[in-house]
Structure formats: structure tokens, C-alpha cells
Amino acid sequence: MDTQEQKSILSVALLAAFSDGHKADTEREAIRQLADTLGHESGGAGLAKLYQDVLLQRVSLADAVAGLNGPGQRQLAYEMAVCVCDADGRQSEAEATFLADLKARLKLDAGEAQAFEQEERALLNATDYAVPMVIQTAPAATSALAAPAQQVQAAVDADLDKSILKYAMLNGALELLPQSWASMAIIPLQVKMVYGIGKAHGVELDQGHIREFIAAVGVGLTSQYLEQFGRKLLGGLLGKAAGRTAGRLGGAATGVAFSFATTYALGQVAKRYYAGGRVMSTALLRDTFQNLLGPAKQMQAQYLPQIQQQAQTLDAAKVLAMVRGA
């Protein structure tokens, strides 16, 4: 896949991100920073300029589609656009219209497009089950009722640390799957993780609050999907030009490190936030998250063999069951 094809696919994803016309300034800034980062990492591919061209409507959907020659690239562009439009758990009328127009322009294989839509829709519907879910911290606390409060809290913290690590490893493993919908499971699993952390501190949360918390930390929903897909695309992880699974391990370390570190740092911030009575400001939440990202990326290397092993055991049914909490 050459640079022009990469740009065309990312142009489609960016057009999808802005198709509803209601993108918040914070999300626009997050996507701009992402484009700048990916442009730097890809050796000057000009993705920061691409972001500006899309935002200022200098690139049309027709222009983006014209740069996609092979059926693999066209299918990938459609899959990315669908996932970006569904990043917030719902699809607006404007987004649905955009996707219908895109699908017609791409002239996709009907069977392959339908198969992806069924997989993605099943996962999106499953996000309704993301909460409630209780992390099993109660036994540790109950067994230490007679112990000092500090000892009880230490037991709860240790159990939460294990759960956060489990979620981080699972989301890292999802990055190794060839299916585009696999990345769709990452945010629902992060929602489940945050819910469990709040529950462990006696706070009942709904999905709306959790998603607002995740955004406050600085993990934008749409920009997170674009980053996942962008890194995979530029790293060759989704090299579908040579087949659906071709090149899926190329550059995998970057994507795994990103999702592992994002999930781990998010969990640790949530643990501090709810343990401290939810008094951290948005600025402090973001600073804490950013400070935890670096160490979390280094930590990921330690668990990479286990993450790779876990990826080999995952399929659509298992991922859906995990999102539902089954």
C-alpha cells in the first residue's frame, strides 16, 4: 500500500469523523494532534496537512475514493469509516447518509461488506451490556473486615491493579487481530473497567458519565479510533492489499503499546479519581494520564509474550462475550 492509498483511506476516516457536523472543538484538536503525530511517525506523509485539507473542505469524498484502486483498500476505507462514525455508540442521520454515499461510491463486494456490517453491529449493540459489571473486589475486603482500614484498602487496590492490567493486556491483544471491528471492542472494555473501579469505591456509574470521564482524561472516542486505525495502517498491520491477514504482525508493537498503555493509564487515573472522592480537576486528570502513559508503554514490553498468546485465543464470539460481561 503506497503513500497515496494511505492518505486516501485516512481522508475517508477524517471525512467520516466530521460528517455529523457537530464535532466538538476538543475532539477536533485531538484529531489534529493525532494527524500531526502520525505524519511525523510516517516519515513526512503530510498527514497534518491532510487534516487541514479535510477540515477546510479542500478534499472531497470523491477525491478520497478516487485514490483507492484495489478492492482491499476500498473495503478497509469503508470499515474504518463505519467504526469512526460509531465511535460514540450511535450513528446520527448525517453519519448514516455519509456511509450510504461512501458505500455506493466504493462499489464494494456486497457479501464482504454485509459480513463486516453484521459483525460491527453485533459488537455495537453489545456495548449496551458494558455496564453494570462488578470487579471482584468484595472477597478481599470482606475477609479483612477485622483488619485496619488501611489494610482493607490495600487489598482492594491490589485487586484493582490486577484487573486494570488484565484489561490492558486484553486491549493490547485486540490490536493483533486482523478484523477491523476488533478495535471497536477497546472502548467498551475501557467503559467496563472504569465502571468496575467506581463500583469498588461505592460509586454507581452509567455509560454517559463514564464516557464523559474518559473524554475528560483526554482519551477522545473518535480520535482514539482514528489513532488505532492510523497506526495500524501506517505500520502495515492491516496490509489488506495482499490479503486480509497479510502483514498483520508488521509494526504490531506500536499498536499494542498504544492500546495497552492507554487502557492501563486510564485505569490508574480512574482508581485515583474515585478513591479521592472525584475532586480532581480536568487539567489534573489529563496531566496524570499523560504522566502515566510513558511508564505504561515501557511496562507493555514486559507482558508482550502474554498479550500475543492471548490474541491467539480470541475470536468474535469471545470478544462479544467479554463486552457483554458473560
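Among 212, 95, 120, the order by Cβ neighbours within 10 angstrom, fewest to most, reads 212, 120, 95. Modelled spin-label separation between residue 121 and residue 298, with each label point placed 7 Å from Cα along the Cα-to-Cβ direction: 4.7 nm. Legend: residue pairs 49/103; 7/49; 297/318; 192/318; 162/192; 162/297, Cα-Cα distance threshold 19 Å; pairs beyond threshold, 49/103; 297/318. A simple count of charges around residue 155, restricted to other residues whose Cβ falls under 15 Å of its Cβ and scoring Lys, Arg +1 and Asp, Glu -1, yields -1.
Add +1 for every Lys or Arg and -1 for every Asp or Glu among the other residues with Cβ under 15 Å from the Cβ of residue 97, and state the total.
Numbers: positive: 90, 103, 105; negative: 20, 86, 93, 95, 101.
Within the 15 Å Cβ shell, the charges total -2.
How much length would be gained if the chain were fully extended between residue 272 and residue 165, taking 0.36 nm per residue of separation minus their Cα-Cα distance, in nm to one decimal?
So the chain would gain 37.0 nm between residue 272 and residue 165.
Relative to the current alpha-carbon distance between residue 101 and residue 114, full extension at 0.36 nm per residue lengthens the span by 3.1 nm.
Bear in mind these aren't lab numbers, they're just calculated from the coordinates by the rules spelled out. Note that the structure is a prediction, hence the values are computed from the model and not measured. All Cβ positions, glycine included, derive from the backbone under ideal geometry; neighbour counts span all protein chains shown.
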